[in-house]
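First comes the structure, then the notes that go with it.
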Amino acid sequence: MAFQKPTGTQDILPGNVENWQFIEEKARDLSRRFNYKEIRTPIFEQTELFERGVGETTDVVEKEMYTFRDKGDRSMTLRPEGTAGVVRSYVENKLYGEPDTCKLYYIGPMFRYERPQAGRQRQFHQFGIEAFGAVDPSIDAEVVAFGYQFCREIGLQGVKVEINSIGNPAVRAAYRDTLLNFLNPLRDKLCKDCQSRMDRNPLRVLDCKVDQQYFTDAPSILDSLDEECATHFEKVKQHLTAMGVEYTINHRLVRGLDYYTHTAFEYKAQGIGAIDTIGGGGRYNGLVAGIGGPDQPGVGFGIGLERIALILEKQGIAIPQPKPLDVYLIALGEQAEDEVAKQLHLLRTQGISAEKDYQGRKMKAQMKSADRMQARYTAILGDDEMSRGEIALKSMATGEQKMVPLARLAEEII
């Protein structure tokens, strides 16, 4: 029986995984510079966490979650996004008790059941950040700028930032009536999902990917903002301008999850067909309280790493490659075999990348292997050299070869 990977998943193989390591290392480096600390949460949680946190009327909860009952007959779900689990951990571990703003980041797999296509998988990976405890609009701008800088530093071209304000619950309640007055005459033209959302959560209609042509003249929520929300949004824009982050305002941007308040934003980039959103986020001032914690504000983003990797490939962005192998050791003779195994370990413990043959091949085949691994040096040890305490060290770039004492092999390679 031949096994294959599940639909909507992928094997990330050597030769490609190095690109992922570069992206992840950049994410970690930027997190360090922006003072965000790593958090690792379970890949499955109680289903109710996502229903309450993400929102029951979202596509994620209604159509896409991998939900199962465990052996205790509890409903569990593979995490479809990162924020809800981080918020649960923030509450459960009482991180809100710290005096400073709590700034966290995560990198890991997420799971959604949807039609696989370029940049969209059933198991995918996200890099995300969350900041808790601050209502200052400068933290909104910091989060937006962080994601923008991440895209720039890994080399993406043509990244655009779109922002909007979706106000507070009172603003959205007023806007709901205005929006329904616009949508009701269009009801029969809209898809079934939109018709259903009109009755439960009209703002979600604007997030529909099917009916966008009908929403060109939709009323803007920005016209419904109260003074507090309008001031907050103006401050966010001022900070972004001061930071040099170019943005456009998209008044139809509401994001696909229910927990957002005030600032909402997305990062766009061309290179993966019809899908141009590579990530996004926003402020979620009611989410912590909504899942049983204190009334603490939060703001964050999530960026899809599959989409980042695909766009890098499509744009032909050269990613720095890992260092080649330092040395390939070749043994000629039975006694030399034992010494090479010893030297191999010693070199590795001194920070040198080293390899040898494990298949009993001839010297010519071993040299070819060293060449395939792009080794900087080959070190050839025969029984005669061993008796003199020496080893032949050959530069693969120049072909120059010299005898060096075994005790100084590491020094010569470094």
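The values are calculated or read from the model by the stated rules, or taken from the named source; none is laboratory data. Computed from a prediction, not measured in an experiment: that's the story for all the values here. We place every Cβ from the backbone using ideal geometry, glycine too, and count neighbours over all the protein chains shown. Please note that ligands, DNA and RNA were not included when accessible areas were found on the heavy atoms of the full protein model with its side chains. Shrake-Rupley method; radii C 1.70, N 1.55, O 1.52, S 1.80 Å.
Across the chain, the longest run free of exposed loop sites, meaning chymotrypsin sites (Phe, Trp or Tyr not before Pro) lying outside DSSP classes H, G, I, E and B with no more than 10 other Cβ atoms within 10 Å, spans 4-357. What is the helix-to-structure angle for 83-92, meaning the angle in degrees between its Cα long axis and the longest Cα principal axis of the chain, kept from 0 to 90 and rounded to the nearest 10? Roughly 90 degrees, rounded to the nearest 10. Going by accessible surface with a 1.4 Å probe and the largest first, 1, 386, 363, 76 read 1, 363, 386, 76. DSSP beta bridges confined to the chain are antiparallel in about 80 percent of cases. Once C-alpha pairs closer than 8 Å and six or more residues apart are averaged by separation and normalised to the residue number of region 301-398, the relative contact order reads 31 percent. Given their separation in residues at 0.36 nm each and the Cα-Cα distance between them, residue 276 and residue 176 gain 33.2 nm when the chain is fully extended.
Annotation: extensible slack from residue 315 through residue 348 equals 8.2 nm (criterion: 0.36 nm per residue apart, minus Cα-Cα distance).
Would you list which lysines come within 28 Å of residue 71, measuring only between C-alpha atoms, while excluding same-chain residues fewer than 8 positions from it? Qualifying lysines at Cα under 28 Å: 5, 63. Contact order, relative form, for the chain: 16 percent (alpha carbon pairs under 8 Å, 6 or more residues apart, mean separation divided by residue count). Accessible surface of residue 355, taken over heavy atoms with a 1.4 Å probe and every protein chain present, rounds to 50 Å². Sorting 239, 232 on solvent-accessible area from highest to lowest, probe radius 1.4 Å, gives 239, 232. Exposure check, 1.4 Å probe, all protein chains in place: residue 200 carries approximately 110 Å² of accessible surface. Computed from backbone phi, the HN-Hα couplings of region 174-190 come to 5, 5, 4, 5, 4, 5, 5, 4, 6, 7, 4, x, 9, 3, 5, 8, 8 Hz, rounded to whole numbers (Karplus: 6.51 cos²θ - 1.76 cosθ + 1.60, θ = phi - 60°; Gly and Pro given as x).
Accessible surface comparison of 277, 77, 67, probe 1.4 Å, protein chains only, largest first: the order is 67, 277, 77.
For residue 356, give me every one of the lysines with a C-alpha distance below 30 angstrom, ignoring sequence neighbours fewer than eight places off in its own chain. Qualifying lysines at Cα under 30 Å: 323, 342, 364, 368, 394, 402.
For the chain, adding -39500 (n - 2.57) for each run of n ≥ 4 DSSP H residues and dividing by the number of residues yields -10500 deg cm²/dmol at 222 nm. Rounded to the nearest 10 degrees, what's the angle between the helix 17-33 long axis and the longest principal axis of the chain, both from Cα atoms, 0 to 90? The helix 17-33 is inclined about 60 degrees to the chain.
For residue 171, the shell of other residues with beta-carbons less than 12 Å away shows a net charge of -3, using +1 for Lys and Arg and -1 for Asp and Glu.
On the beta carbon distance between residue 11 and residue 68, with R0 = 35 Å, the FRET formula returns roughly 0.90.
For region 4-52, trypsin sites (Lys or Arg not before Pro) are listed when DSSP marks them as loop and at most 16 other Cβ atoms sit within 10 Å of their Cβ; the list is 40. The relative contact order of region 145-251 comes to 45 percent, based on Cα pairs under 8 Å that sit 6 or more residues apart.
So, R0 is 60 Å and r is the distance between the beta-carbons of residue 411 and residue 210; what FRET efficiency does that work out to, to 0.05? Once rounded, the FRET efficiency stands at 0.35. To the nearest 10, the accessible area of residue 162 is 40 Å² with a 1.4 Å probe. Averaging the Cα positions of each part gives two centres, and for region 130-148 and region 1-28 these lie 30 Å apart. Beta-bridge orientation, region 23-123: approximately 80 percent antiparallel, per DSSP, counting only bridges with both partners inside.
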